[in-house]
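A short reminder: the numbers here are calculations on the coordinates, not readings from a lab. Predicted, not measured: the structure shown is a model, and the values here were computed from it. Every residue, glycine as well, gets a Cβ built from its backbone with ideal geometry; the counts of neighbours run over all protein chains shown.
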Amino acid sequence: MPQTSPHPRARPSGLGPPPVVTAPPRSVESAELVVYYGLVAENLQAEGKLRTDDGADIPVDAATLAQNFERIAFYEEHTRGRPGGPSPLSRWAGPVRIGTEFGPSVQARAREHDQREVETFTRRLAGLTGHSITNVSRNANLIVFFASLDDADFLQSRLTRLVPGITDAERAVFRDLPRSYYCLVLAMSAATDPYVYDRAVVLVRAEHPRLVRSACIHEEIAQGLGLPNDSPQARPSIFNDDDEFALLTHHDEMLLQMLYDDRLQPGMTADDARHIVRRMADELVGPRG
C-alpha cells in the first residue's frame, strides 16, 4: 500500500485527544475521492488483490524470511524528502500507547468501526511482539488519525501541537498528499537515542472504503513499530506495493516477532545483525523452510 515513512525526528511533548466534534457535510472534492478510492478497491479485488487471508498457501523458507527482514527493517523508503537507503534498526524501547483521533468530517459509525479495529490490532501486535503495546484514551504516543480532505486545517493544527519541531515541508507531506498515497506514518525518535522511537503519527484517509482503511491500519502501525520499508520480493506480505495482501500475513507476523526479539538492539546495522537474523529465521520456520 503506498505510503511514506520519514526518518525519525526528535521527541515532542505529549498531548491529550481533542474534543469530539459533529461531522459536517462532505465537500465535492472529498466526495470525488470517495468514488475514486471505491473504484480502485473494486478493481484491485477483481484482480485477486487486497487478500484478507494470512497467505498460508505461500511457503516461506528461512533464507527468504531473513532476506525480507533485512530489506524491510534495515532500509527506509524516504529520508527527509530524499530517496531512502540503508538505516540502522529502529524500534520502540518503552511502552507503545496507541490512541485514535478523528477529523470533524468522520461520521460516528465510521469512528466506532475504526476505533474497534485499531484496538483489536493493538492487542494482536502486543501478543506477537511481547512488547508493551496498549490502547489508551489519553497520553498516546502513537496516534492514528482518520481524516478526510476536508479536515486539512484540523490535521495541520494537531500536527503543529503534537510535533512542535515539525518543518513546513513535513507538514506539507500531510497537507498535499497525492491521492496515490493511501496513508502515511511519521515515526519520531527519542532525544537521547536516534534509533529508539518514542512517538509516531499515522494518517489514514477517511475517504477510503472499509477494507482499505483496515489495510492502512495494519501497514502503517506495523511500520511505525520499526518496519519502515517495502520490498517487491516480500511475499506474502503487506510490506510490498503490489497490493496483493490487505492485512498482516503469517510472514509479517514473523517479521514483527524478529523485530522485538531481545537479541536485536536499536542501532544495529544489517551487517551487525545478519547472523542473528538468520538464526531467528531458522528457529521460526526451520533451516530448510
Point to revise | Distance (nanometres) between label positions extended 7 Å along Cα→Cβ at R210 and H250 | key: 2.7 nm
Practice item. With an 8 Å cut-off on Cα pairs and a minimum separation of 6 or more residues, tell me the relative contact order of the chain in percent. Key: 34 percent
Review point. Against the longest alpha carbon principal axis of the chain, how many degrees, from 0 to 90 and to the nearest 10, is the axis of helix 250-259 turned?
Key: 80 degrees
Point to revise | For G103, distant residues with modelled amide H under 5 Å away | key: F146, A147, S148
Study note, to complete from the structure: Listed with the fewest Cβ neighbours within 10 Å leading, L284, L184, L142 appear as L284, L184, L142
Revision key, fill the gap. Candidates for P(r) over Cα pairs in 10 Å bins from 0, in percent are (i) 6, 25, 35, 25, 8, 1, 0; (ii) 6, 30, 37, 21, 5, 0; (iii) 7, 29, 33, 22, 8, 1, 0, and the calculated one carries label (ii)
Study note, to complete from the structure: The helix 108-129 Cα axis meets the longest alpha-carbon principal axis of the chain at an angle in degrees, between 0 and 90 and rounded to 10, of 20 degrees
Exercise for review: Treat the count of other C-beta atoms within 10 Å as a stand-in for reagent exposure and order S214, S237 from fewest to most.
Suggested key: S214, S237
Review point. Residue separation times 0.36 nm, minus the C-alpha to C-alpha distance between A108 and R274: what's the value?
Key: 55.1 nm
Revision key, fill the gap. Footprinting proxy, E117, E207, E219: sorted fewest to most Cβ within 10 Å, the residues are E117, E207, E219
